[in-house]
1. Which one, G95, A323, A4, projects farthest toward the positive side of the charge dipole computed for the chain from Cβ point charges (K/R +1, D/E -1)?
2. Counting Lys +1, Arg +1, Asp -1, Glu -1, what net charge surrounds D297 among other residues with beta carbon under 13 Å of its beta carbon?
3. Identify, among V115, G267, V45, the residue whose Cα sits farthest towards the positive end of the charge dipole of the chain, taking +1 on the Cβ of Lys and Arg and -1 on the Cβ of Asp and Glu, with the dipole about the Cα centre.
4. Which far-off residues, 5 or more places away or on another chain, put their amide H under 5 Å from the one on I55, with H placed in the peptide plane?
5. Excluding A285 itself, calculate the net charge of residues whose Cβ lies under 9 Å from the Cβ of A285, where each Lys or Arg counts +1 and each Asp or Glu counts -1.
6. Rounded, prolate or oblate: pick one for the range 74-142, where a ≥ b ≥ c are the square roots of the eigenvalues of its C-alpha gyration tensor, a/c under 1.5 means rounded, and failing that, prolate if a/b is larger than b/c, else oblate.
7. Only helical DSSP H runs with n ≥ 4 go in: add -39500 (n - 2.57) per run for the chain, normalise by residue count and round the 222 nm mean residue ellipticity to 500 deg cm²/dmol.
8. Can you give me the relative contact order of the chain as a percent, contacts being Cα pairs under 8 Å and 6 or more apart?
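Derivation of every value follows stated rules applied to the coordinates shown; laboratory data play no part. The structure presented is a predicted model; accordingly, all values stated were derived computationally and were not measured. Cβ placement follows ideal geometry from the backbone for every residue including glycine, while neighbour counts extend to all protein chains displayed.
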Amino acid sequence: MARAVVAIVGRPNVGKSTIFNRIIGDRLSIVEDKPGVTRDRIYGVGDWNGRSFSIIDTGGIELNDEQILKSIKLQAELAIEEADVIVLMCDAKAGLTQSDTEVAELLYRSKKPIVLAVNKVDNMSRMDDTYEFYNLGLGDPIGVSGAHGSGVGDLLDAIVENLPEVEEEEYDEDVIRVALIGRPNVGKSSLVNALLGEQRVIVSDVAGTTRDAIDTEFERDGQRYVLIDTAGMRKRGKVYENLEKYSVMRAMRAIERADVVAVVINGEEGIIEQDKHIAGYALEAGKASVFVVNKWDIVQKDDKTMQHFEKSIRDHFLFMTYAPVVFLSALTGQRVQKLLPVVNQAAEQHSRRIPTGLLNDVISDAVAINPPPTDKGRRMRINYATQVAVKPPTIVVFVNAPELMHFSYERYLENKIRAAFDFEGTPIRIFTRRKS
Ligand code: GDP
Ligand code: GDP
């Protein structure tokens, strides 16, 4: 199910990133603990009262050479275009400013659900300082403190209340939903054309979902596919099209709706930071992934080039060693036919279920070779494990003392599970729960 998108906008220094980090909370560690993921995260997943949503801190979208007010307005416009709910954040210490008012007008006109948060309400006496924000005409200001965490629950309540109703599944279970994601000009549209070839294409305007999403459905060798948000690829020429973090925001929605994310990389340019953001988000969202190295026709090659490129991918994406790599040329069509079988494989692994008995055999062997961690003489004991979900495969390990589980031991178990069951192309999740 695609998650709704929430954007935080506001002047610099009001505390957007502080609150953002509080909202994504320990979720941050899912990816951040793993080497290779950059720390300047501006997007993540929040959970509150059983609703899960994507959240983006637009303050992290850098707009070069723009005056501050112009930047905030551009960020607000991006939010209006891409988000379902917008949080306008202001600062109780600084009070109401002209910029707040101008951005509020922009947001008000958008008719999007707006939540007004006033940060730095560090004590009750500051609550009085939130009243002047009623003047913005955006309803009740919610006083929060990024420093102490107070009011964040109220803010989350307001966000969740404004999230759109949960939408129906858009496609049948047996359709593989593929998102081609990558920076502008890596060759995504060319790849769509190369994949479709002479195929009769059904272009569906998915009503009621992403405002301007156009998906492309096709069938190959008896398997049905839908390429998610092919319209997003065609959308060009906007000021912010080349802004990396904006592209990430656009990509987030497509990723959320996909089963398999094909991360398209320009083989001629190599890997850059933005590719990592995108891939990291696919992992975070629990989607299957494949790397597509495009423009392989113009890469100067010898017999080692492919190997070197693959090694470079492995070095840059240490957190995604499970994702297979396909080298191709959308322009010449070379090896394009290799992509769909790899996508099928990733989709299959993504929805694979391992019987509990088999899983526990593997865990027992792993424990016998390398016993779980101890602390002050106490040893963690694994009682049993079971797969509780697919897409991605999610395994719960029941133990006597979850606090003794280490990231490194979890990683060890994951490696053993992968060695036994492969799971190529999909992330897997492991949770530890108490049960003695
Ligand atoms: P952003 O530019 O809007 O993302 O703001 P930051 O999150 O980077 O915060 C700007 C500054 O305000 C930092 O020095 C924070 O430590 C500080 N700050 C954030 N939240 C609070 C708060 O609730 N109270 C106080 N007193 N300071 C805060
Ligand atoms: P998008 O922005 O990611 O959708 O990229 P496009 O599909 O529009 O491609 C951008 C440019 O790269 C165009 O000029 C394409 O002709 C070119 N291009 C795309 N794929 C290839 C390829 O495999 N090889 C070469 N040499 N050029 C390519």
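1. Highest projection toward the positive end goes to A323.
2. The answer is +2.
3. Checking the options against the dipole of the chain, the answer is G267.
4. Answer set, sorted by chain and number: V6, G44, V45, G46.
5. My count for the surroundings of A285 gives 0.
6. Cα axes put the range 74-142 in the prolate bin.
7. -10000 deg cm²/dmol
8. Result for the chain is 13 percent.
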